[in-house]
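Q: Once you've had a glance at the structure underneath, I'll fire off some questions.
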Amino acid sequence: MFVTTLPPAHADDPAAYSRTARDAGVDALEVRGDLTPGVGGFASVLPIVATPRGRDAAWVAALAPRWVDLALDEDVAVPAGAAVIRSWHDHAGTPPADDLRAIAERLAASGAAHTKLVTTVRTPADLVALESVRSAGDGDATVLAMGPLAWPVRILSPWRDAFTYVALPGEAASADGQLTIDAYPRGDERPALFGILGGPGMQTASPAIHTGLFRRHGVHAVYGAFPCEDARAMFGALAPFAPTGFSITAPHKTALLDVANALDSVASEVRAINTLVRRDGGWEGRQFDVHGIVEGYPFLRGVARAEVIGTGGVAPAVIHACRVLGIESIVVRGRDAARVAALAQRFGVHGRALDDASREPVDVVFWAIGGDPDLPLSRPAPGAHAIDLRYGATTAFQSHAAAQGYTPHDGTAMLHHQACAQFEAFTGIAVDVREISDR
């Protein structure tokens, strides 16, 4: 059952908002005393959840509600015929699992027709603790998350909870982490869950890309973002949600190598993955960054000299792609001399310090490092290219490279081509890159 909360901006005409919500696919309208205290009885086309939060029994009765949502210790008289929802919220964080289970048991013992427990989830450990209380509930229980890691709890709510709280498109959410109703695929069966694991500050287009492809090709699946410092902890915390596949981005491309039961040939070579797919109860690690570079920048085939700035998780894939493209002279520059030396020895390339630019002409320079330090660039050969593997806004590196005589590119072409390969690995459906790039 989809429930949306009446926003303060629509308090002057709640009946009209109830019609808008019904047309959007919502099943019930919540009216909250702390958000819209001045709303009285009105002709709602949807059944009402009255949530007093400081309002009295007269306010509740005027709404003629189907349900009344009372906090665990809230005492407000409920009109005859209305069912009680007993709820408990923690807007600051998630208590330890033992404390949560005790709260869930109190809710279950309250005699309410439904119970609702909601916490703010900020870490993988919070997710684990919140999921632990599901066993204390029953089919009339709702367990929800707020906060930066709420997505997996929220997106699967229609298949796990009595109530799913949503916002309407274009309207403000009533809770941090709440999704809009159009984010949910429809259907009785639980959708397959996919997502991207990246650093805490990641900005990614992958959810939009894969969600668009799922819908275009009729795949009953969802795809979200899982920012985290500890990829292993997040991977473990997501296990109860039975994920089907992950994209892996910086800085976690090597952190999950050992959770894979098998690696494809490219992942084995570069010892870094950007994809995990569940296969026969285990996980297969795939490496599509190389594919993204080779297919995304085919104009590099056969150029003579390349320079890779950075030694992180994507650097081995860039070096491997250069080999596939037929580039014979490859230089790696980085901050950490030991990592530079290790890459140089492993791949048979040349290593130099981060600020050690060459006067030898370079045909392509790859920017595979965070930030935009003011580094000297090697002398560009005629027609040289500079590829920043980030995408989105023009970066300081691209501007600097253009001023030095390079033709700058961002990482969009790589992103699109590797996403197509990922989508096929996830679903078995081959797609053309124009399905992404033309939109």
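Q: Considering only region 254-276, state which residues are buried (at least 22 other Cβ atoms within 10 Å of the Cβ) and either of a type in the set (Lys, Arg) or under 20 Å from the mean Cα position of the chain (by Cα) (or both).
A: Within region 254-276, Ile273, Asn274, Thr275, Leu276 meet the criteria.
Q: I'd like the full set of residues that are at pLDDT 95 or above and outside any helix (DSSP H, G or I), limited to region 289-303.
A: Tyr297
Q: I've got another one for you. With region 340-439 as the region, which strands (runs of 3 or more DSSP E) entirely inside it contain at least 2 residues that are exposed (fewer than 13 other Cβ atoms within 10 Å of the Cβ) and not assigned by TED's automatic domain parsing to the domain that holds Asn274?
A: Where strands (runs of 3 or more DSSP E) fall fully within region 340-439 and carry at least 2 residues being exposed (fewer than 13 other Cβ atoms within 10 Å of the Cβ) and not assigned by TED's automatic domain parsing to the domain that holds Asn274, they are 380-388.
Q: Sticking with this structure for a sec: Would a scan of region 140-153 turn up a residue that is among the aliphatic types (A, V, I, L, M), surrounded by fewer than 21 Cβ atoms within 10 Å (Cβ to Cβ) and within 11 Å of the chain's Cα centre (by Cα)?
A: Checking region 140-153: not a single residue is among the aliphatic types (A, V, I, L, M), surrounded by fewer than 21 Cβ atoms within 10 Å (Cβ to Cβ) and within 11 Å of the chain's Cα centre (by Cα).
Q: Here is a follow-up. For region 231-254, name all the residues that are out of contact with any strand residue (DSSP E or B) (no Cβ under 8 Å at 6 or more places or on another chain) and small (Gly, Ala, Ser).
A: Listed by number, the residues that qualify are Ala233, Gly236, Ala237, Ala239.
Q: Follow-up. Restricting attention to region 26-49, does a residue exist that is among the polar types (S, T, N, Q) and closer than 16 Å to Tyr165 by Cα?
A: Scanning region 26-49 turns up no residue that is among the polar types (S, T, N, Q) and closer than 16 Å to Tyr165 by Cα.
Q: Moving to a separate point now. Can you pull out the residues in region 38-52 that are part of a loop (DSSP other than H, G, I, E, B) and either surrounded by 18 or more Cβ atoms within 10 Å (Cβ to Cβ) or out of contact with any Lys or Arg (no Cβ under 6 Å at 6 or more places or on another chain) (or both)?
A: The answer is Gly38, Val39, Gly40, Gly41, Phe42, Ala43, Ser44, Leu46, Pro52.
The values are calculated or read from the model by the stated rules, or taken from the named source; none is laboratory data. Just so we're clear, the structure is a prediction, and the values are computed from it rather than from any experiment. Every residue, glycine as well, gets a Cβ built from its backbone with ideal geometry; the counts of neighbours run over all protein chains shown.
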